[in-house]
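Here's the structure, in structure tokens; my notes come after.
Since every read-out is calculated from the coordinates, none of them should be taken as a lab result. Only a predicted model underlies this, so the values are computations on that prediction, with no experimental measurement involved. Note that each Cβ is placed from the backbone with ideal geometry, even for glycine, and that neighbours are counted across all protein chains shown.
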Amino acid sequence: MTEVIRVEGTNEAAAIRQAGKFLREGKLVAFPTETVYGLGVHLENIEAVERLYEVKGRPKEKELTLAIAHPSDLGKYGIRLSPSAKRLADRFWPGPLTLILRNSKKEKVGVRMPGHPVAQRVITEAVVPIGLPSANPSGKNPPRSAEEVLHYFDGMIDLVLDGGETTFGVSSTVVDMGDAAWTILREGVISREEIEKVCHG
């Protein structure tokens, strides 16, 4: 059975602690962001990551997005922002923007800083690096509620934090900052026009 905890009032702190503990232990935990519900996993736990790919039916070549709670977290992962990436981060983080950046090993890493307080607190509480794809099988609509997460994954994941319906119900906008130019890979909550306006200063 998948455990479900309603995040509200006096039980919020305990729910966040439980989610952080589960993630450190390599369990799969769904929780709300401002866009859709995400499915959190400890990125350095190989077995947990493999289980997530299996549960979602996610193609192995699709990397997982790194979720952070604060821009200062980037330094822990050897990631620096280019001037245009910093303009986007300053304008849209925390919020529905995923940036494809490069780390110190020149590897591409998708990074997202959710604008939902529950997501931020879970990421902080977990301490370990958290991957956060949407909590749906590949090819299916991303879930806006805990009920929709359970429809997909009841009995297949370990915990769902029920924070009510998400604000947008649409995935984040994804921008690959590249080496010399930027490219919008997916237009989500933030429009192409908004991205262009910020990048072009």
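Listed values, structure above:
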read-out: In region 11-47, the GluC sites (Glu not before Pro) that fall in loop regions by DSSP, at most 16 other Cβ within 10 Å; value: E25, E44
read-out: Residues in region 150-171 that a label on I184 would reach, taking backbone N under 20 Å of a point 7 Å out along Cα→Cβ; value: 168-171
read-out: Which of G139, L88, G40, positive extreme of dipole for region 3-199 (C-beta unit charges); value: L88
read-out: For the chain, calculated [θ]222 nm from helices alone, where every DSSP H run of n ≥ 4 adds -39500 (n - 2.57); value: -9000 deg cm²/dmol
read-out: Of the trypsin sites (Lys or Arg not before Pro) in region 40-96, those whose Cβ has at most 15 other Cβ within 10 Å and which sit in DSSP loop; value: K60, K62, R80
read-out: Shape category assigned to region 30-118 from the gyration tensor of Cα positions, a/c cut at 1.5; value: oblate
read-out: 17 Å Cα-Cα reach of K106 towards aspartates and glutamates, excluding residues that sit fewer than 8 places from it in its own chain; value: E63, D176, D179
read-out: Qualifying aspartates and glutamates (Cα of each under 13 Å from Cα of K21; at least 8 residues distant if same chain); value: E125, D158
read-out: Straight-distance crosslink candidates among lysines, where the alpha carbon sits under 20 Å from K56 and sequence neighbours closer than 8 are dropped; value: K27, K140
read-out: Computed over the chain: relative contact order in percent, which uses C-alpha pairs under 8 Å that are six or more apart; value: 33
read-out: Pair N103, A14: separation of 7 Å Cα→Cβ label points (nm); value: 3.6
read-out: Full-extension gain in nm, T167 to E63, via 0.36 nm per residue minus C-alpha separation; value: 34.9 nm
read-out: Projected area, mean over directions - the chain, Cα convex hull, nm²; value: 10.5
read-out: Additional length obtainable on full extension of the chain from K86 to V128, 0.36 nm per residue less Cα span; value: 12.7 nm
